[in-house]
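Heads up, the thing below is written out as structure tokens.
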Amino acid sequence: MDFLTVLISRANYWAYIILMMIGLYAMIAKNNLVKKIVGMSIFQTAVILFYVSIGAKQGATIPILLHGHAPETGGNLAHAATGHGTAAVQAVNYINPLPHVLMLTAIVVGVATLGVALALAIKVYKEYGTLEENEINQRLRRG
Amino acid sequence: MKLIGKLTIFLCGTLLIVFANKFPDFGDPHSPAATHLSPYFIEHTMADTSVPNIVTSVLADYRGYDTMFETTVILAAGLACFFLLRLPEEEEKEIYFRHVPTGVTIRIEECGAAPEDSEVFQRIDSQWVPCDIIIRSTSRLLIPFIQIFALYVVAHGHHSPGGGFQGGVVLGAAVILFAISHNLRTTVAKIGEKSAAIMSAAGVFIYAGTGALCLVLGESFLNYGALAPILGTDRVMARSHGILIVEIGVALAVMSVMIWIYYNLSSAGKQDEGL
């Protein structure tokens, strides 16, 4: 396999690694607390992208059965249904629903944790009058 | 700190890139994630729950415990924002009213008699700017449709992409749009903080209560098949209806927690002036 094939077949992993590293760097190196929170959100998005991408299957459709039956005529799924009876549902034809379920709840919980993080940031700003980490540290050392 | 950050992401990135080569290709139907649990879900969801949207059936039935505690996490986040930020209501030194027909602003000192908050006298913030007419009428036009779409997303989650989390967020977004386009005081007058808190708790209660009802009817927790005698259907349809009840609870909890967090964050806990 040449380099390009490897690159394309794993593009989803590269995308999530890059995003995750951007988020991690923001969380470690940025001085401003709001920028750290933004980094945390980018990190969460990277994990969500990773999960959704491992649910993908070549030539499969969204995990919703057509009115509860395997497609009988038309559509790009018809070829898979022929010869298996009308009620047969083949796992190959539908992408993996499990990562979607996990990420569905993770997105909403991500919003909730973002809310709590921003609430903490507001509290820190009220107490110290700044959101810069080095200035907060200085004031903490002075007592 | 910058150096440590760069070193860390260099190390982590290299490790992840090296091991990404061992991962299955994108879209591989025989990857480990697609071969163990998920084929069961895809092939048995119609027979078990009669819900065509596999995501919904996995979310609310096969992984019901997970979703219940996710809802509880959201409620906990709303509570955390409340306890972190909410300030006790204090006597305001001076309050402002606007006489709507003439547009005159009245300042009332500490011991002055305040007029009734009515159509004529409108209570306003100390830094009041008139709402923009274009934004106000556009949002007033849009909000009913957003809410109807959200209800559709909740109710039609069995057959199309949707469900409690998505619909609840859209419902919450409609209220937040109202709060942004008008002001926080008007919004709190319509949906109070107390009702938001009660609704979010009620959403979790509906979810956990459905599970407990199954327990009372002699089956395991969140086994909606036990609801068949109450709903007057067979066990498979009872699962489908049970999922709908639970989704409504989730939507209620998510909507009101979004509103509640917005109230506390936008006004830093005072809940009067806001954005």
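Quick note: the coordinates plus some simple rules give every number you see, no bench work behind them. Model, not experiment: these values are computed from the prediction. Glycine gets a Cβ as well: all are built from the backbone with ideal geometry, and neighbour counts include every protein chain shown.
Mind ordering B:49-57, B:225-233, B:15-23 by average Cβ neighbours within 10 Å, highest first?
Numbers: B:49-57: 25.2, B:225-233: 15.7, B:15-23: 12.4.
So the peptides B:49-57, B:225-233, B:15-23, ranked by packing, come out B:49-57, B:225-233, B:15-23.
Of all the options B:HIS241, B:HIS182, B:HIS99, the one that moves most in a Gaussian network model of chain B with Cα springs shorter than 10 angstrom is B:HIS99.
For B:ILE95, the amide hydrogen comes within under 5 Å of the amide hydrogens of B:ILE108, counting only partners 5 or more places away or on other chains and with H modelled in the peptide plane.
Note: relative contact order over chain B, using C-alpha pairs below 8 Å and six or more positions apart, is 24 percent. Cα centroid distance between region B:220-275 and region B:6-20, in Å? So the two Cα centres are separated by 41 Å. Evaluated over the Cα positions of region B:1-79, the convex hull gives a direction-averaged projected area, one quarter of its surface, of 9.1 nm². Reducing region B:89-122 and region A:1-34 to their Cα centroids gives an inter-centroid distance of 55 Å. Averaged over the residues of peptide A:118-131, the number of Cβ atoms from other protein chains lying within 10 Å of each residue's Cβ is 3.
For a quick check: sort B:ARG107, A:ARG10, B:ARG140, A:ARG141 by the number of other beta carbons within 10 angstrom, fewest at the front.
Details: B:ARG107 10, A:ARG10 19, B:ARG140 13, A:ARG141 7.
Arranged by neighbour count, lowest to highest, B:ARG107, A:ARG10, B:ARG140, A:ARG141 become A:ARG141, B:ARG107, B:ARG140, A:ARG10.
Rounded to the nearest Hz, the phi-derived 3J(HN,Hα) couplings of region B:235-250 under the Karplus curve 6.51 cos²θ - 1.76 cosθ + 1.60 (θ = phi - 60°) are 5, 6, 5, 4, 5, 4, 5, x, 4, 5, 4, 5, 5, 5, x, 4, where x marks glycine and proline. Annotation for region B:180-202 versus region A:37-52: alpha-carbon center distance of 30 Å. Largest GNM mean-square fluctuation across B:GLU70, B:GLU193, B:GLU109, computed for chain B with C-alpha springs under 10 Å, falls on B:GLU109.
Taking the Cα centre of the protein assembly as shown as origin, sum charge times position over the Cβ atoms of Lys and Arg (+1) and Asp and Glu (-1), and report the length of that vector in debye to the nearest 20. Before the final figure, lay out the partial values.
Values: 27 positive and 31 negative charges, 210 e Å.
Using only the charged Cβ atoms, the result is roughly 1020 debye.
Taking θ as phi - 60° and the Karplus parameters 6.51, -1.76 and 1.60, the scalar couplings of region A:48-56 work out to 4, 4, 4, 4, 5, 6, 6, x, 6 Hz in sequence order, x denoting glycine and proline. For the peptide A:88-96, the mean number of other protein chain Cβ atoms found within 10 angstrom of a residue's Cβ is 6. Taking only Cα atoms and a 10 Å spring cutoff, compute GNM fluctuations for chain B and point out the largest among B:THR35, B:THR45, B:THR138. Ranking B:THR35, B:THR45, B:THR138 by mean-square fluctuation puts B:THR35 first. Charges were assigned to the Cβ only: +1 to each Lys and Arg, -1 to each Asp and Glu. The resulting dipole of chain B about its Cα centre is roughly 520 debye. As a size descriptor, the averaged projected area of the C-alpha convex hull of the protein assembly as shown was calculated at 28.6 nm². Take each residue of peptide B:160-172, count the partner chain Cβ atoms within 10 Å of its Cβ, and average: the result is 2. Only lysines eight or more places from B:LYS22 in sequence, or on another chain, were considered; those with a Cα closer than 27 Å are A:LYS57, B:LYS6.
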